[in-house]
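All remarks here apply to the structure that follows.
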Amino acid sequence: MFETFSIDSLAFFESIIQPAFADIVPAGFPFQGTLNEFSIMDNVVSKRPIIDIRRVQNILQRRDASCDINYKKVVGATTRQISVEEVYGATQFCRNEFYTGCLKDFRANDPLFGNKILPFFQGAVNVDIASNAYFGDVDRVVGVNAQWSTNIFDGIFKWIKKYITAGVIPAGQTISIADGTDYTANATAAYTLIKGLYDKQPVLMSAFADSQKAIYVSKDIAAGYEDYLISTGTTAQGYTLLTNGIEQLSYKGIPILVEQIWKPIISELKGSLGHAAILTLRGNFVFATDKNYGEGEDGKTALEVWYEKKDMQWYYRLFLKAGTQMALPEFVVIALSSWS
(Lines give C-alpha, C1' and ligand atoms only; values in the text may rest on other atoms or scores of the structure.)
Protein backbone atom coordinates (compact mmCIF):
# COMPACT_ATOMS: atom_id res chain seq x y z
CA MET A 1 0.00 0.00 0.00
CA PHE A 2 1.36 3.42 -0.92
CA GLU A 3 1.77 5.63 2.15
CA THR A 4 1.96 9.35 2.78
CA PHE A 5 5.38 10.74 3.55
CA SER A 6 7.50 13.88 3.61
CA ILE A 7 11.22 14.52 3.55
CA ASP A 8 13.14 17.55 4.74
CA SER A 9 15.17 19.86 2.53
CA LEU A 10 18.56 18.24 3.15
CA ALA A 11 17.29 14.73 2.42
CA PHE A 12 15.51 16.06 -0.68
CA PHE A 13 18.74 17.59 -1.94
CA GLU A 14 20.78 14.45 -1.27
CA SER A 15 18.26 11.96 -2.66
CA ILE A 16 16.72 13.83 -5.62
CA ILE A 17 18.46 17.07 -6.64
CA GLN A 18 22.09 16.01 -6.25
CA PRO A 19 21.71 12.67 -8.11
CA ALA A 20 20.01 14.51 -10.99
CA PHE A 21 23.16 16.61 -11.43
CA ALA A 22 25.82 14.20 -10.25
CA ASP A 23 27.83 12.18 -12.71
CA ILE A 24 26.88 8.78 -11.29
CA VAL A 25 28.13 6.95 -14.40
CA PRO A 26 31.53 5.29 -13.87
CA ALA A 27 34.55 7.14 -15.21
CA GLY A 28 35.23 6.46 -18.86
CA PHE A 29 31.62 5.98 -19.92
CA PRO A 30 30.00 8.17 -22.58
CA PHE A 31 28.22 11.43 -21.81
CA GLN A 32 24.78 10.94 -20.26
CA GLY A 33 23.40 14.39 -21.03
CA THR A 34 22.22 17.70 -19.64
CA LEU A 35 22.49 18.07 -15.86
CA ASN A 36 25.66 16.00 -15.44
CA GLU A 37 27.73 18.89 -16.82
CA PHE A 38 26.70 21.43 -14.17
CA SER A 39 28.71 22.29 -11.08
CA ILE A 40 26.47 22.63 -8.01
CA MET A 41 26.46 25.41 -5.42
CA ASP A 42 24.17 23.99 -2.74
CA ASN A 43 24.08 26.72 -0.08
CA VAL A 44 22.83 29.81 -1.93
CA VAL A 45 20.17 31.39 0.29
CA SER A 46 19.50 34.33 -2.05
CA LYS A 47 22.74 35.24 -3.86
CA ARG A 48 26.45 34.60 -3.59
CA PRO A 49 29.59 35.71 -5.42
CA ILE A 50 31.00 33.35 -8.02
CA ILE A 51 34.32 31.81 -6.98
CA ASP A 52 36.95 32.08 -9.71
CA ILE A 53 37.88 28.49 -10.59
CA ARG A 54 40.53 29.17 -13.19
CA ARG A 55 43.98 27.66 -12.82
CA VAL A 56 46.14 30.01 -10.73
CA GLN A 57 49.55 31.12 -12.02
CA ASN A 58 52.38 33.46 -11.02
CA ILE A 59 52.67 32.04 -7.50
CA LEU A 60 56.40 31.37 -7.62
CA GLN A 61 58.53 34.33 -6.42
CA ARG A 62 62.24 35.03 -6.10
CA ARG A 63 63.60 34.97 -2.54
CA ASP A 64 65.44 38.05 -1.29
CA ALA A 65 67.61 38.78 1.75
CA SER A 66 64.70 39.77 4.01
CA CYS A 67 62.34 37.64 6.09
CA ASP A 68 59.31 39.13 4.35
CA ILE A 69 57.00 36.69 2.54
CA ASN A 70 54.45 37.93 0.02
CA TYR A 71 51.40 35.67 0.27
CA LYS A 72 49.28 35.52 -2.87
CA LYS A 73 45.68 34.36 -3.05
CA VAL A 74 44.98 30.99 -4.63
CA VAL A 75 41.32 31.71 -5.39
CA GLY A 76 39.06 34.68 -5.05
CA ALA A 77 35.50 35.88 -5.53
CA THR A 78 34.61 37.81 -8.65
CA THR A 79 32.16 40.70 -8.81
CA ARG A 80 29.65 38.41 -10.52
CA GLN A 81 26.99 36.77 -8.40
CA ILE A 82 24.70 33.78 -8.65
CA SER A 83 21.15 34.08 -7.34
CA VAL A 84 18.23 31.70 -6.88
CA GLU A 85 14.47 31.78 -7.33
CA GLU A 86 12.06 30.07 -4.96
CA VAL A 87 10.14 27.55 -7.07
CA TYR A 88 7.75 24.67 -6.49
CA GLY A 89 6.01 21.81 -8.22
CA ALA A 90 2.57 20.48 -7.31
CA THR A 91 0.11 18.02 -8.75
CA GLN A 92 -2.83 15.86 -7.73
CA PHE A 93 -4.07 12.52 -8.95
CA CYS A 94 -6.69 9.91 -8.13
CA ARG A 95 -6.82 6.15 -8.60
CA ASN A 96 -9.92 6.34 -10.80
CA GLU A 97 -7.95 8.40 -13.33
CA PHE A 98 -4.99 6.05 -13.18
CA TYR A 99 -6.83 2.72 -13.39
CA THR A 100 -8.70 3.23 -16.63
CA GLY A 101 -8.88 1.11 -19.76
CA CYS A 102 -6.64 -1.92 -19.67
CA LEU A 103 -5.18 -0.83 -16.30
CA LYS A 104 -8.48 -1.64 -14.56
CA ASP A 105 -7.27 -5.21 -14.18
CA PHE A 106 -4.42 -3.96 -12.00
CA ARG A 107 -6.53 -2.02 -9.51
CA ALA A 108 -6.23 -4.78 -6.92
CA ASN A 109 -2.44 -4.46 -7.17
CA ASP A 110 -2.48 -1.04 -5.61
CA PRO A 111 1.33 -0.61 -5.29
CA LEU A 112 1.36 -0.09 -9.05
CA PHE A 113 -0.17 3.33 -8.51
CA GLY A 114 2.31 4.53 -5.91
CA ASN A 115 5.29 3.02 -7.66
CA LYS A 116 4.52 4.84 -10.91
CA ILE A 117 3.10 8.25 -10.01
CA LEU A 118 5.87 9.49 -7.71
CA PRO A 119 8.66 8.69 -10.23
CA PHE A 120 6.56 10.40 -12.93
CA PHE A 121 6.31 13.48 -10.71
CA GLN A 122 10.03 13.49 -9.90
CA GLY A 123 10.96 12.90 -13.53
CA ALA A 124 8.75 15.76 -14.73
CA VAL A 125 10.37 18.12 -12.22
CA ASN A 126 13.85 17.07 -13.34
CA VAL A 127 12.95 17.76 -16.99
CA ASP A 128 11.66 21.21 -16.02
CA ILE A 129 14.86 21.92 -14.08
CA ALA A 130 16.93 20.86 -17.10
CA SER A 131 14.95 22.94 -19.62
CA ASN A 132 15.18 26.03 -17.43
CA ALA A 133 18.83 25.42 -16.52
CA TYR A 134 19.69 25.99 -20.18
CA PHE A 135 16.81 28.00 -21.67
CA GLY A 136 15.12 29.67 -18.70
CA ASP A 137 14.22 33.36 -18.95
CA VAL A 138 11.99 34.84 -16.25
CA ASP A 139 11.01 37.64 -18.65
CA ARG A 140 9.74 35.23 -21.31
CA VAL A 141 6.01 34.90 -21.91
CA VAL A 142 5.40 31.30 -22.92
CA GLY A 143 2.57 30.14 -25.14
CA VAL A 144 -0.48 28.41 -23.72
CA ASN A 145 0.42 25.19 -25.51
CA ALA A 146 4.15 25.27 -24.74
CA GLN A 147 5.56 21.78 -24.28
CA TRP A 148 8.66 22.95 -22.38
CA SER A 149 9.10 24.98 -19.19
CA THR A 150 11.40 27.92 -20.00
CA ASN A 151 10.51 30.88 -17.76
CA ILE A 152 10.88 29.71 -14.15
CA PHE A 153 14.48 30.82 -13.54
CA ASP A 154 17.22 32.25 -15.76
CA GLY A 155 19.31 29.69 -17.61
CA ILE A 156 22.74 29.40 -19.22
CA PHE A 157 21.76 30.73 -22.65
CA LYS A 158 20.32 33.91 -21.15
CA TRP A 159 23.56 34.48 -19.26
CA ILE A 160 25.61 33.83 -22.39
CA LYS A 161 23.59 36.40 -24.35
CA LYS A 162 24.07 38.92 -21.51
CA TYR A 163 27.83 38.34 -21.50
CA ILE A 164 27.99 38.75 -25.28
CA THR A 165 26.15 42.09 -25.01
CA ALA A 166 28.47 43.21 -22.20
CA GLY A 167 31.57 42.21 -24.15
CA VAL A 168 32.67 39.63 -21.57
CA ILE A 169 32.32 37.06 -24.33
CA PRO A 170 33.99 38.84 -27.26
CA ALA A 171 32.24 38.98 -30.63
CA GLY A 172 35.17 37.00 -32.03
CA GLN A 173 34.07 34.03 -29.94
CA THR A 174 30.54 33.94 -31.39
CA ILE A 175 29.03 32.36 -34.51
CA SER A 176 25.54 33.15 -35.82
CA ILE A 177 23.71 30.17 -37.30
CA ALA A 178 21.60 31.28 -40.25
CA ASP A 179 17.88 30.54 -40.30
CA GLY A 180 17.02 27.43 -42.25
CA THR A 181 20.40 25.76 -41.72
CA ASP A 182 19.99 21.97 -41.85
CA TYR A 183 23.12 20.19 -40.68
CA THR A 184 21.75 16.73 -41.41
CA ALA A 185 21.51 17.71 -45.08
CA ASN A 186 24.84 19.57 -45.14
CA ALA A 187 27.53 17.55 -43.42
CA THR A 188 30.28 19.93 -44.47
CA ALA A 189 28.51 22.80 -42.70
CA ALA A 190 28.45 20.75 -39.48
CA TYR A 191 32.19 20.12 -39.73
CA THR A 192 32.85 23.78 -40.52
CA LEU A 193 30.85 24.89 -37.49
CA ILE A 194 32.74 22.64 -35.08
CA LYS A 195 36.07 23.66 -36.60
CA GLY A 196 35.01 27.30 -36.23
CA LEU A 197 34.34 26.82 -32.50
CA TYR A 198 37.78 25.28 -32.07
CA ASP A 199 39.54 28.01 -34.04
CA LYS A 200 37.86 30.81 -32.07
CA GLN A 201 39.17 29.68 -28.68
CA PRO A 202 40.86 32.46 -26.70
CA VAL A 203 44.58 31.93 -26.15
CA LEU A 204 44.28 31.20 -22.42
CA MET A 205 41.54 28.65 -23.01
CA SER A 206 43.64 26.82 -25.59
CA ALA A 207 46.23 26.24 -22.84
CA PHE A 208 43.84 23.93 -20.99
CA ALA A 209 44.04 20.19 -21.70
CA ASP A 210 41.55 18.86 -24.24
CA SER A 211 40.12 16.57 -21.56
CA GLN A 212 39.08 19.66 -19.56
CA LYS A 213 36.93 20.98 -22.41
CA ALA A 214 33.83 19.85 -24.24
CA ILE A 215 31.82 20.87 -27.29
CA TYR A 216 28.10 20.71 -26.47
CA VAL A 217 25.87 20.51 -29.53
CA SER A 218 22.26 19.98 -30.52
CA LYS A 219 21.64 16.58 -32.08
CA ASP A 220 21.61 17.55 -35.76
CA ILE A 221 25.07 19.11 -35.57
CA ALA A 222 26.57 15.91 -34.18
CA ALA A 223 24.73 13.83 -36.81
CA GLY A 224 26.02 16.06 -39.61
CA TYR A 225 29.57 15.93 -38.24
CA GLU A 226 29.43 12.12 -38.13
CA ASP A 227 28.16 12.07 -41.72
CA TYR A 228 31.10 14.26 -42.70
CA LEU A 229 33.58 11.86 -41.07
CA ILE A 230 32.02 8.93 -42.91
CA SER A 231 31.88 10.69 -46.27
CA THR A 232 35.52 11.81 -46.06
CA GLY A 233 36.83 8.55 -44.64
CA THR A 234 38.18 10.28 -41.55
CA THR A 235 36.19 8.49 -38.83
CA ALA A 236 39.39 7.37 -37.13
CA GLN A 237 40.32 11.02 -36.53
CA GLY A 238 36.82 11.93 -35.28
CA TYR A 239 36.63 9.64 -32.28
CA THR A 240 38.51 9.31 -29.00
CA LEU A 241 38.86 5.86 -27.45
CA LEU A 242 37.71 5.94 -23.82
CA THR A 243 39.28 3.83 -21.09
CA ASN A 244 36.45 1.27 -21.27
CA GLY A 245 36.94 0.77 -25.01
CA ILE A 246 33.95 2.87 -26.10
CA GLU A 247 34.51 5.48 -28.79
CA GLN A 248 33.56 9.10 -28.05
CA LEU A 249 32.80 11.52 -30.89
CA SER A 250 35.41 14.28 -30.74
CA TYR A 251 37.24 17.02 -32.60
CA LYS A 252 41.03 17.17 -32.13
CA GLY A 253 40.67 15.36 -28.82
CA ILE A 254 37.83 17.51 -27.43
CA PRO A 255 34.70 15.42 -26.79
CA ILE A 256 31.54 16.37 -28.68
CA LEU A 257 28.57 15.91 -26.36
CA VAL A 258 24.99 15.84 -27.65
CA GLU A 259 22.38 17.70 -25.61
CA GLN A 260 19.19 15.88 -26.59
CA ILE A 261 16.77 18.51 -25.29
CA TRP A 262 18.30 21.45 -27.16
CA LYS A 263 16.80 20.81 -30.61
CA PRO A 264 13.13 20.46 -29.55
CA ILE A 265 13.29 23.40 -27.13
CA ILE A 266 15.00 25.73 -29.62
CA SER A 267 12.51 24.69 -32.28
CA GLU A 268 9.61 25.53 -29.94
CA LEU A 269 11.07 28.91 -28.94
CA LYS A 270 12.04 29.78 -32.51
CA GLY A 271 9.02 28.34 -34.27
CA SER A 272 11.30 26.57 -36.75
CA LEU A 273 14.43 24.43 -36.82
CA GLY A 274 17.25 25.90 -34.75
CA HIS A 275 20.61 24.86 -33.33
CA ALA A 276 23.20 25.65 -30.67
CA ALA A 277 26.81 24.67 -29.98
CA ILE A 278 29.11 25.65 -27.12
CA LEU A 279 32.81 25.03 -26.62
CA THR A 280 33.81 25.61 -23.00
CA LEU A 281 35.47 24.07 -19.97
CA ARG A 282 33.65 21.15 -18.39
CA GLY A 283 31.89 22.21 -15.19
CA ASN A 284 31.68 25.83 -16.36
CA PHE A 285 27.87 25.75 -16.09
CA VAL A 286 26.83 26.39 -12.46
CA PHE A 287 23.52 25.42 -10.85
CA ALA A 288 22.65 27.04 -7.52
CA THR A 289 20.24 25.78 -4.91
CA ASP A 290 19.77 25.83 -1.14
CA LYS A 291 19.81 22.42 0.50
CA ASN A 292 18.29 23.90 3.67
CA TYR A 293 15.25 25.45 1.99
CA GLY A 294 11.77 24.05 2.60
CA GLU A 295 8.17 24.96 3.33
CA GLY A 296 5.32 23.45 5.33
CA GLU A 297 4.55 23.66 9.04
CA ASP A 298 8.16 23.18 10.07
CA GLY A 299 9.59 25.35 7.29
CA LYS A 300 11.91 22.49 6.32
CA THR A 301 9.77 20.19 4.18
CA ALA A 302 10.94 19.97 0.57
CA LEU A 303 8.90 17.02 -0.75
CA GLU A 304 5.67 15.60 0.58
CA VAL A 305 2.97 13.20 -0.57
CA TRP A 306 -0.39 12.76 1.14
CA TYR A 307 -3.94 11.51 0.58
CA GLU A 308 -6.93 13.81 1.06
CA LYS A 309 -9.96 11.70 1.95
CA LYS A 310 -12.47 14.49 1.29
CA ASP A 311 -11.26 14.87 -2.31
CA MET A 312 -10.25 11.21 -2.81
CA GLN A 313 -7.02 12.60 -4.27
CA TRP A 314 -3.33 12.00 -3.81
CA TYR A 315 -1.30 15.22 -3.60
CA TYR A 316 2.37 15.71 -4.48
CA ARG A 317 4.36 18.87 -3.95
CA LEU A 318 7.96 19.97 -3.64
CA PHE A 319 9.83 23.19 -2.97
CA LEU A 320 13.34 24.23 -3.95
CA LYS A 321 15.54 27.15 -4.93
CA ALA A 322 17.15 27.23 -8.35
CA GLY A 323 19.39 29.48 -10.43
CA THR A 324 22.31 29.32 -12.86
CA GLN A 325 25.48 31.19 -13.79
CA MET A 326 28.70 30.79 -15.74
CA ALA A 327 31.88 30.29 -13.72
CA LEU A 328 34.16 31.60 -16.49
CA PRO A 329 32.08 33.21 -19.26
CA GLU A 330 35.20 34.46 -21.05
CA PHE A 331 36.06 30.82 -21.75
CA VAL A 332 33.00 30.27 -23.94
CA VAL A 333 32.83 29.98 -27.72
CA ILE A 334 29.21 29.93 -28.84
CA ALA A 335 27.24 29.27 -32.03
CA LEU A 336 23.52 30.08 -31.91
CA SER A 337 20.39 30.35 -33.96
CA SER A 338 18.28 33.34 -32.99
CA TRP A 339 15.23 32.83 -30.77
CA SER A 340 13.18 34.86 -28.32
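The values are calculated or read from the model by the stated rules, or taken from the named source; none is laboratory data. Here the structure is a predicted model, which means the values were calculated and not measured. Here the Cβ is made from the backbone with ideal geometry for all residues, glycine too, and neighbour counts use every protein chain on show. The protein model used for the area step is the full one, side chains on, heavy atoms only, and it has no ligands, DNA or RNA in it. Shrake-Rupley method; radii C 1.70, N 1.55, O 1.52, S 1.80 Å.
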request  = Scan region 200-220 residue by residue and report those that are open to solvent by 30 Å² or more (accessible area, probe 1.4 Å), part of a helix (DSSP H, G or I) and under 28 Å from Ala185 (Cβ atoms).
outcome  = Lys219
inquiry  = One residue is enough: does region 162-170 have a residue meeting the conditions under 21 Å from Phe38 (Cα atoms), among the basic types (Lys, Arg), open to solvent by less than 40 Å² (accessible area, probe 1.4 Å) and not in a loop (DSSP other than H, G, I, E, B)?
reply    = no
task = Go through (1) in a loop (DSSP other than H, G, I, E, B); (2) open to solvent by 50 Å² or more (accessible area, probe 1.4 Å) and name the single condition Ala236 misses.
result = (1)
query = Is it the case that Ala223 is of a type in the set (Gly, Ala, Ser), assigned to a helix (DSSP H, G or I) and either more than 24 Å from the chain's Cα centre (by Cα) or more than 23 Å from Asn36 (Cα to Cα) (or both)?
reply = no
message = I'd like to know if region 234-242 contains one or more residues that are over 22 Å from the mean Cα position of the chain (by Cα) and within 23 Å of Phe38 (Cβ to Cβ).
response = yes
request  = Could you look through region 61-101, keep only residues that are over 25 Å from the mean Cα position of the chain (by Cα), surrounded by 10 or more Cβ atoms within 10 Å (Cβ to Cβ) and of a type in the set (A, V, I, L, M, F, W, C), and pick out the one that is modelled with the lowest pLDDT?
outcome  = Phe98
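Table: residues versus (1) of a type outside the set (S, T, N, Q); (2) in contact (Cβ under 8 Å) with a residue 40 or more places away in the chain; (3) farther than 30 Å from Thr181 by Cβ; (4) surrounded by fewer than 21 Cβ atoms within 10 Å (Cβ to Cβ).
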residue: Leu279; (1), (2), (3), (4): yes, yes, no, no
residue: Glu297; (1), (2), (3), (4): yes, no, yes, yes
residue: Leu303; (1), (2), (3), (4): yes, yes, yes, no
residue: Gln313; (1), (2), (3), (4): no, yes, yes, yes
remark   = Taking region 28-60 and keeping residues over 30 Å from Asn292 (Cβ atoms), at pLDDT below 75 and loosely packed, with under 15 Cβ neighbours inside 10 Å leaves Gly28, Phe29, Arg55, Val56, Gln57, Asn58, Ile59
